[in-house]
1. Filter Lys7/Lys111; Lys36/Lys339; Lys7/Lys36; Lys246/Lys290; Lys246/Lys339 down to the pairs with a C-alpha to C-alpha distance above 23 Å, please.
2. List the trypsin sites (Lys or Arg not before Pro) in region 245-294 that DSSP assigns to loop (not H, G, I, E or B) and whose Cβ has at most 13 other Cβ atoms within 10 Å. Which are they?
3. Using θ = phi - 60° and the Karplus curve 6.51 cos²θ - 1.76 cosθ + 1.60, what whole-Hz ³J(HN,Hα) does each residue of region 130-141 get, with Gly and Pro shown as x?
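The numbers here are math on the coordinates, done by the rules we state, and not lab data. None of these values were measured; they are calculated from a predicted model. No Cβ is skipped: glycine too gets one built from the backbone with ideal geometry, and neighbour counts run over all protein chains shown.
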Amino acid sequence: MSSVVRKSLPQLIRPSSEELEMKTTTSSIDLSSFDKGFSAMPATCFLVFEHPIDEPAETIRRGLSRALAYYHPIAGRLAPGAGGGQARVECNGEGVVFVDASADCALKEAKLFGLSSGATMLPDDLAVYYPVTVFSCGGFVAGVTWNHAIADGARMAQFLQAVGELACGLPAPSVVPTWCDSSLPALPPHQSRVPWPHANGGQPCTVFEAVTAVLWQCRTRVVISDPEAPSLLFIVANVRKHVGAKDGYYGNCVTGQLVVATSGSVVNGPILDIVKMIRHAKEQITKQLKRNDGGGGGDDKPQASKPQPEDMLRYNYNLLSVSSMRNIGLDEVEVGGRKPVRVMCRARVPHMTAILRGVPAMEREEWAQHGHPLC
């Protein structure tokens with residue numbers, strides 16, 4: 001049985017004029033060295049709320065307008081900087097696109113994994129799409145699609161939390177946002193190749209390391225038949241705590257590490273060896289950050305092994321990117337005093353897998369899973 005979804009016309013939500021009167025805004029802001037690499041990468045997340053609240057679309061619309069006054073770059077647009085690159089945010093207050101919709105089915109009847117990621121993002125857009133769909137049972141799904149250059153997942157969770165807080169009538173967000181953070185490294189950390197080493201000894205592994213090792217081995221076994229063909233793993237890491245970013249900083253603080261091995265080594269090697277390789281790659285990220293601290297001085301040797309874009313494209317199908325979405329705060333976002341029972345994320349990057357934490361509030365069996373693959 002098909003369901004009918006009725007949508008409103010898209011509307012621009014601008015920063016609240018009352019809030020803006022109490023805020024100091026700037027005309028344009030430079031992107032950090034972390035931000036610039038994400039200007040063409042849209043990301044989407046959906047927060048699923050099963051308990052009804054009073055007028056969810058209007059509640060979120062009100063909170064969104066107030067939050068944009070505090071997070072004014074999100075209401076702006078990316079603009080070319082020197083040399084024609086996308087290097088600045090024009091804080092023009094144009095706003096974000098908001099759509100409210102209603103579905104004539106209940107949440108448990110909806111095919112949530114088929115949710116559309118919304119509008120196609122233009123190069124100069126930031127958080128361009130904010131849909132809210134209310135279901136017949138009273139539950140609703142709030143989504144947001146944003147340009148990754150404006151914020152990573154952890155800081156988008158911070159913004160969404162502010163939307164929920166201000167929608168409930170709080171005078172200000174609980175976390176004071178800041179865009180410029182002079183404490184960040186002046187240069188982005190290098191994304192170095194990590195060769196396949198001989199592993200021995202053993203230490204307890206993290207959930208991320210164990211799950212990533214199994215995913216990499218299983219995927220390589222399925223998609224690569226030549227044992228001598230390269231199998232690539234790209235680990236995306238949140239390095240906020242390693243660079244000393246301020247609590248309210250909502251730009252990007254993520255980087256990555258490329259691991260290269262033959263497919264035969266990945267398929268036939270012990271899981272322990274794969275885990276060790278992943279752990280070693282994570283350790284290299286911390287070392288690279290130390291090299292770049294204070295303006296990128298220090299040992300430049302890792303630059304010699306920096307992965308080139310043509311390598312990533314040449315072995316695109318052999319590449320698995322993994323980003324952990326655990327503990328970044330999306331499942332703590334409150335709207336109307338309710339927290340989501342499920343969080344779903346998408347990033348328009350080929351062959352990416354996002355590892356999500358299952359939310360304890362989930363009750364339906366079909367939602368009781370801890371991983372949501374995007375590849």
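1. Over 23 Å apart, Cα to Cα: Lys36/Lys339; Lys7/Lys36; Lys246/Lys339.
2. none
3. Once θ is set to phi - 60°, the couplings for region 130-141 become 9, x, 10, 10, 9, 9, 5, 7, x, x, 8, 10 Hz.
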